[in-house]
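The values are calculated or read from the model by the stated rules, or taken from the named source; none is laboratory data. These numbers were taken from a predicted model, which means no experiment stands behind them. Every residue, glycine among them, receives a Cβ derived from its backbone with ideal geometry; neighbour counts consider all protein chains shown. Please note that ligands, DNA and RNA were not included when accessible areas were found on the heavy atoms of the full protein model with its side chains. Shrake-Rupley method; radii C 1.70, N 1.55, O 1.52, S 1.80 Å.
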Amino acid sequence: MEGGGWDDQGKDGGDTKYRGVRRRPSGKFAAEIRDSSRQSVRRWLGTFDTAEEAARAYDRAAYAMRGHLAVLNFPDEARNYVRGSSSSSSRQQQQQGRQVIELEYLDDQVLQEMLKGSSDNNK
């Protein structure tokens, strides 16, 4: 996304084509976002080797703050930021043929009933 906002062009770096990303003099890319819930204070997201990595960090933060109303650099990837979906590392593990199991906490009574039912079925 091209534009002329505060976060598209930094004084200390060159132009970037991504929202919330600017190039540092070192050649790395900085990502930050304005937090509208805190009087538009800038929230630092980090320094990245590529503009795309920085743009994705911005997208994750924007989606976390604004949900489906967020303006994203990669809108086609918004499904990756939906709350409750598996993380990208879990998704990568699944793509590599590994099975990912998510566990939830069960109180002792439920756990005992499950174990009892399992042992009854084995007899």
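Tell me yes or no: at least one residue of segment 18-28 is at pLDDT below 80, surrounded by 17 or more Cβ atoms within 10 Å (Cβ to Cβ) and not in a strand (DSSP E or B). Checked segment 18-28: no residue is at pLDDT below 80, surrounded by 17 or more Cβ atoms within 10 Å (Cβ to Cβ) and not in a strand (DSSP E or B). Pairs are defined by a Cβ separation below 8 Å, a sequence spacing of at least 6 or placement on different chains, a first member in segment 49-71 that is free of Cβ contacts under 8 Å to residues at least 60 places away in the same chain and part of a loop (DSSP other than H, G, I, E, B), and a second member that is acidic (Asp, Glu) and open to solvent by less than 20 Å² (accessible area, probe 1.4 Å); the pairs so defined are 70/59.
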